[in-house]
Amino acid sequence: MGASDDPRRVHFQSPEYLVDRLDAIAELFDKDRTDLLVEAIREYIEETADSETFQELVATKYYDDQLEFETVKQLVGAETAQRLRLLKADLGDEPLDLPAPDDTDIYGDGATSVDTGDADGR
């Protein structure tokens, strides 16, 4: 076990019926209530972190400077956080000041037109 895996005591209140159900499940599987809670929390966090909606929310808050990089790493993992960091740096860069081409025909002589027809009444 690493330092970050050291157990930490957490106290919270829960509706009694949930605790009763949890205890019944723990007894059924011959497990400890705490083990089931930790497993449920781990699964919830993994499922949430993989959610596209969650990742978009984290990215938006990070780009708006509402989340620090270390927090982003905890929420979505180091690899995704690094990608977000690189994208944020790119977004912060000034655009290249290039003039629009004036005499360039980007299609050359190979331009074709497509007759869409008006058969469908559009």
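The values are calculated or read from the model by the stated rules, or taken from the named source; none is laboratory data. Please read these numbers as outputs of a predicted model, since none were measured by experiment. Note that each Cβ is placed from the backbone with ideal geometry, even for glycine, and that neighbours are counted across all protein chains shown. Areas reflect the complete protein model, heavy atoms only, side chains present, ligands, DNA and RNA absent. Shrake-Rupley method; radii C 1.70, N 1.55, O 1.52, S 1.80 Å.
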Practice item. Starting from the Cα of LYS73, draw a straight line to each of the lysines and keep only those under 18 Å, dropping any in the same chain fewer than 8 residues away. Key: LYS61, LYS88
Check your understanding: Given H placed 1.01 Å from N in the peptide plane, which residues other than close sequence neighbours of GLY77 have an amide H under 5 Å from its amide H?
Key -> none
Review point. Probe 1.4 Å, all protein chains in place: accessible area of THR34 in Å², nearest 10?
Key: 80 Å²
Study note, to complete from the structure: Between LEU57 and LEU36, the FRET efficiency computed from the C-beta separation at R0 = 25 Å comes out, to the nearest 0.05, as 0.35
**Study point:** Segment ARG8-ILE45, length gained on full extension (0.36 nm per residue, minus Cα span)
**Key:** 11.6 nm
